[in-house]
Amino acid sequence: KHWEKKSKKSLANKLISIPKQQTIMEVDPIEQYLPIAKTSKGAKALESLLQQVIDNPNVFVFGELLDVPTIKEIAGKSKYHDLLLLFAYGTYEEYTQNKSKYPALTGSQEKKLRQLSLVEYAAHSKTLSYSFLIEKLCLPNVRELEDIIIECIYTNLVEGKMDQKGQCFQVFNAMGRDVKAGDYERIRDTLERWGEYTRT
């Protein structure tokens, strides 16, 4: 049976594997915003565009937009640019620690930032405890956490299994997020060390 037809009771204490949604993306959804960003003039027009990008439930990488000259011009001058950086590189916990730096998030934006945060944690650990995720994502209970995990799996942001008995999420794979310019050297050094290790 499809997972949606199973009750929570029937899933209790089982290792649950959610099948990924099969999607074909012919064009990266961020592409539609790039020509607009390049020709938009004025901070208000650009901020309106950034809000549209952040609101789009299909956009999860933002590097190409951050590289557009007009977007770079409002860096350090706009809360919406700060918000775009948060969605590109940050986590929900960072938002809660410095809310005054950003515009207030809508419910859908909070959900998206939580999804991106889960991706961030999944990229650094193969086992994520429910207690850790509930704390970091500021969620009230396990049910809402599992809803976030399931949505991330169905949108191909992560691959893994929910272990309700062990109260953890076992990570198989995670989408790559945007990388800060200053992190490229660190990543290169890590890959070089890994290459040397595999050759020994």
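Is the stretch 33-103 best put as rounded, prolate or oblate by its Cα gyration tensor, with a ≥ b ≥ c the root eigenvalues, rounded for a/c under 1.5, and otherwise prolate when a/b is larger than b/c, oblate when not?
Prolate, because a/c is 1.5 or more and a/b exceeds b/c.
At 7 Å along the Cα-to-beta-carbon direction for both Leu85 and Glu64, put a label point, then send me their distance in nm to one decimal.
In this crude spin-label approximation the distance works out to 2.3 nm.
Give me the one-decimal nm value for the distance between modelled label points at Lys41 and Gln97, 7 Å along each residue's Cα-to-Cβ direction.
Output for this residue pair reads 4.1 nm.
Express the carbon and sulfur contribution to the solvent-accessible surface of the stretch 114-162 as a percent, rounded to the nearest whole number, probe 1.4 angstrom. It would help to have the intermediate numbers written out before the result.
Numbers: 990 of 2010 Å².
Carbon-and-sulfur percentage of accessible area, whole number: 49.
Rolling a 1.4 angstrom probe over the protein heavy atoms, how many square angstrom per residue are accessible across the stretch 81-145? Present the calculation step by step, with values, prior to reporting the outcome.
On the way: 2920 Å² over 65 residues.
Result: 45 Å² of accessible area for each residue.
The values are calculated or read from the model by the stated rules, or taken from the named source; none is laboratory data. Predicted model, so just to flag it, every value in this text is computed and none were measured. No Cβ is skipped: glycine too gets one built from the backbone with ideal geometry, and neighbour counts run over all protein chains shown. What goes into the accessible areas is simple: the full protein's heavy atoms, side chains included, and nothing from ligands, DNA or RNA. Shrake-Rupley method; radii C 1.70, N 1.55, O 1.52, S 1.80 Å.
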